[in-house]
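Here is the structure we will look at.
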Amino acid sequence: MGGGLGGASVALALARKGFHVCLLEQAAEFGVIGYGIQLGPNAFYMFDRLGVSEAVLAQSIIPPALLMLDSVDAGIIARIPTGVSFNARFKRPYIVIHRVDLHRILLDACETQPNVELMPLTGATRYEDLGDRVRLHTDNNRHIDGAAIIGADGLRSTVRQQMVNEGEPRMIGFVAHRTIVPMSEVRADVHRNEVVLWSGPGFHIVHYPLRAGTLFNIVAVFKTSTYLERGDISIYRADLQRTYCDSHPSMKALLSMMDLSRRWVISDRDPIRHWSKGRVTLLGDAAHPTLQTLAQGACMAIEDAVCLAELVEQAGGDFAGAFHQYERARFLRTARVQFESRYHWDNFYHVGGVEREVAREIWSKRSELEMFDCLAWLYDGFTLPQSRV
């Protein structure tokens with residue numbers, strides 16, 4: 001259940017193994033937040049297994065580099081080339097793509113599978129594990145019986161809440177505003193082809209191109225004491241101006257283009273070792289929600305999906321056994337993403353003063369090879385469990 005990127009990925013992965021899948025979505029239409037997304041090369045090893053790599057590449061942009069810039073003077077803190085040398089090292093590309101386009105590719109692939117049933121307007125309220133089957137109760141007073149439930153229903157997962165009952169996510173005091181504008185309207189003096197992160201004390205801005213360079217994706221993230229308050233555009237604008245008052249003029253030019261009609265509160269959860277119980281398991285942000293630092297939330301969900309399908313196929317009907325194997329295969333890697341995301345969020349992305357200067361001194365001198373070595377644990381991909389037969 002959950003019709004986002006993770007849910008669509010696992011539905012497709014299982015369907016390609018011959019399983020019948022009902023993909024549930026609470027909304028009237030299957031859809032995702034309409035902004036950009038970055039995907040590392042580790043996602044493409046999974047796309048290969050899902051049969052969608054060519055379709056994803058056709059709608060992607062491969063940026064020449066990832067840049068981290070200093071909010072004070074626009075100097076380069078870190079640079080990771082993502083062109084020929086990157087592809088030679090990791091065998092797959094680093095891309096940016098419109099989230100809607102990626103979701104559509106996955107849904108289109110699901111719709112070619114006769115054993116995938118898409119069920120919009122179907123939200124879950126609770127589940128029962130009946131031993132030989134599971135029963136999912138929906139918000140339209142129905143119930144659906146099946147062999148297993150996979151909760152891919154995000155940070156505030158209904159399935160997780162029933163299974164773990166741990167309350168609200170961990171709030172960190174940061175918020176985000178997201179905007180997409182036509183590239184032709186971008187007047188700021190900024191890099192337009194690269195993925196750029198401007199780093200400052202308690203704030204950052206990310207931007208990159210989308211859809212063959214016709215669109216420009218901008219995300220402004222910052223810490224504020226009003227992170228839980230619902231305000232209007234004037235209040236949000238004042239928040240931005242106060243936070244970014246000493247930042248580089250190019251950053252201020254980007255902020256002037258921001259749509260401030262919606263604000264997202266940034267949060268995650270602590271890693272857990274077990275996210276399965278009997279015939280019920282979790283996937284993606286429902287299992288291991290992470291901060292956006294490494295741009296790996298969707299990648300981890302897609303890895304989960306392919307791993308889970310492999311193990312379910314190998315288990316021969318033992319869903320509980322497959323789900324426990326899936327946990328063991330995935331929890332250390334996903335926990336590392338969560339912990340490293342937290343560490344770099346606090347100790348690299350958002351530092352100021354002398355700490356900022358030290359970080360720039362260290363990282364600006366790293367060679368291309370050193371950068372690649374730092375990323376190898378992540379971008380070399382996830383080794384899928386092999387059948388014991």
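The values are calculated or read from the model by the stated rules, or taken from the named source; none is laboratory data. Computed from a prediction, not measured in an experiment: that's the story for all the values here. A quick note on method: Cβ atoms are made from the backbone with ideal geometry, for glycine too, and the neighbour counts reach across all protein chains shown. Please note that ligands, DNA and RNA were not included when accessible areas were found on the heavy atoms of the full protein model with its side chains. Shrake-Rupley method; radii C 1.70, N 1.55, O 1.52, S 1.80 Å.
Go through (1) in contact (Cβ under 8 Å) with a residue 60 or more places away in the chain; (2) under 30 Å from Ala55 (Cβ atoms) and name the single condition Thr214 misses. Here Thr214 meets the rest and fails (1). Any residue in region 37-47 that is open to solvent by 10 Å² or more (accessible area, probe 1.4 Å), in a loop (DSSP other than H, G, I, E, B) and out of contact with any helix residue (DSSP H, G or I) (no Cβ under 6 Å at 6 or more places or on another chain)? Checking region 37-47: not a single residue is open to solvent by 10 Å² or more (accessible area, probe 1.4 Å), in a loop (DSSP other than H, G, I, E, B) and out of contact with any helix residue (DSSP H, G or I) (no Cβ under 6 Å at 6 or more places or on another chain). Inside region 349-374, residues that are open to solvent by 30 Å² or more (accessible area, probe 1.4 Å) and touching a residue at least 40 places away in the same chain (Cβ under 8 Å) make up a count of 8.
Do any strands (runs of 3 or more DSSP E) lying entirely in region 123-164 carry at least 3 residues that are crowded, with 19+ Cβ neighbours inside 10 Å and touching a residue at least 60 places away in the same chain (Cβ under 8 Å), and which ones are they?
149-151
Screening the candidates Trp345, Trp377 for the property of being closer than 21 Å to Gly173 by Cβ and either open to solvent by 80 Å² or more (accessible area, probe 1.4 Å) or within 18 Å of the chain's Cα centre (by Cα) (or both) yields one hit, Trp345. Working only within region 289-314, note down all residues that are over 11 Å from the mean Cα position of the chain (by Cα) and either open to solvent by less than 30 Å² (accessible area, probe 1.4 Å) or of a type in the set (Ser, Thr, Tyr) (or both). Of everything in region 289-314, those that are over 11 Å from the mean Cα position of the chain (by Cα) and either open to solvent by less than 30 Å² (accessible area, probe 1.4 Å) or of a type in the set (Ser, Thr, Tyr) (or both) turn out to be Glu303, Asp304, Ala305, Val306, Cys307, Leu308, Ala309, Glu310, Leu311, Val312.
At pLDDT 95 or above, crowded, with 17+ Cβ neighbours inside 10 Å and touching a His at 6+ places or on another chain (Cβ under 9 Å) - does that describe any residue in region 315-325? Yes, region 315-325 has at least one match.
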